[in-house]
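Below you'll find the structure, written out as structure tokens, and then a few comments.
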Amino acid sequence: MHPCLLLAIATLPVQDSPALPADSGIVSAILISVDGLRSDAILALPADELPSFTRLRGGTSTLNARCDPDYSITLPNHTSMITGRPVLGPDGHHWIQNDEAPEDATLHKNRGQYVASAFDVVHDRGWHTALLTGKPKFALYDHSYDVEDGAPDTTGPDDGRDKLDDYVYTTKTEEIGDGVLRELGDGSRHCFLFVHFAVTDLTAHVTGWDITPGSKYMKAVQKVDAELGKILAAIDAQPALRGRTAIVLTADHGGGAPFKSHDQHGMWVDYIIPFLVWTGAGPRADLYELNTATRKDPSLANPPTDAAGLPPIRNGEGGNVALQLLGLPAIAGSTLDGKQDLRLH
């Protein structure tokens, strides 16, 4: 799909939802990363063939968000999502490797100082945290925030140093969806879930980032859509979850440059990604239109982190947006939505 067509179609209307009250009462936030999800993949099929993505777009969203300007690969971008930091620069998290790390490796040892995360903010207030992933290399985060390497809890009662209550790795996409339902439970506890769907990326590395209807990549996108539908249905069915659960969905990168990869970080197919915020309320709004004073639609560019002027919306804002929805402060040391000034309604 031509990039200009992508940007034009991204503004098509989606059915509105009821207005979000000033005090939304959100107690559960789910930060979802769909690995390797290009924005134009969401537009490649009719709405009724991607009903869950369509519903999530009915909140506050943009299909013109960006991954990190220097790295369009998995671990660096997911580290940005949970820490609220770019990869490089004085405030960056500096994790650039993309393979499974040794068990004794942590984000903190690599950075030379503790790198706080969304898990710290939530856990240290006595709330529940979990990470569900489809790739084994996400064990890096479990190791970084375990009982030995997590920071002491200095906020209120001591909830310990292990910032991740549950860590789940599975190769089965449907088990990720089932795991989200299990973690949400009956809605009686406050929680933050970081959820990673790998099937889209794993499929595309074999068959290519082909957004043609019926391609294996698009079937993988539909598989994720089905799991999102399972999650949405569970939220709808539970009074304690309905209207009290927020979903922030983005991607670590796009893909297709080259066709079966995504390592050309200067190519638009690799860096244009969605950023969707859904609470079950509305009306539908465009994130850039809501944030003209703090963010700027980059058109087809991916400006560097230190570029003059207003920044684009980046996937690394996801952690702080989720915390904002929960009424919690930003991640210590974060700069991506570190002021929590991204307007959501």
Among Phe259, Phe138, what is the fewest-to-most ranking by other Cβ atoms within 10 Å?
Phe259, Phe138
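Tell me the net charge near Leu249. Cut-off is 13 Å between Cβ atoms, Leu249 excluded, with +1 for each Lys or Arg and -1 for each Asp or Glu. If you can, show how the numbers build up before the last one.
Numbers: positive: Arg55, Arg57; negative: Asp35, Asp225, Glu227, Asp252, Glu317.
Around Leu249, the surrounding residues sum to -3.
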For a footprinting-style exposure proxy, rank Arg242, Arg314, Arg161, Arg295 by other Cβ within 10 Å, fewest first.
Arg242, Arg161, Arg295, Arg314
I need the helices of the chain that pass two filters: whole DSSP H segments spanning 27 Å or more by Cα along the axis, and mean Kyte-Doolittle score no lower than 0.0.
216-237
Determine the shape class of segment 164-302: with a ≥ b ≥ c the square roots of the Cα gyration tensor eigenvalues, call it rounded for a/c under 1.5, and otherwise prolate if a/b is greater than b/c, oblate otherwise.
oblate
Sort Arg343, Arg125, Arg57 so the one with the fewest other Cβ atoms within 10 Å of its own Cβ comes first.
Arg343, Arg125, Arg57
Under a crude label model (7 Å from the Cα following the beta-carbon direction), how far is Ile96 from Thr155 in nanometres?
3.1
Could you list, in their original order, any pairs among Lys163/Lys223; Lys172/Lys260; Lys223/Lys260; Lys163/Lys260; Lys109/Lys163 whose Cα atoms are separated by more than 27 Å?
Lys163/Lys223; Lys163/Lys260
Sum of side-chain charges, Gly280 neighbourhood, beta-carbon under 12 Å (Lys, Arg +1; Asp, Glu -1)
+2
Post the alpha-carbon centroid distance, segment 84-149 to segment 302-330, in whole angstrom.
18
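Laboratory data are not the source of any read-out in this text; all were calculated from the coordinates shown. Worth saying up front: this structure is predicted, and the values here are computed from it rather than measured. Here the Cβ is made from the backbone with ideal geometry for all residues, glycine too, and neighbour counts use every protein chain on show.
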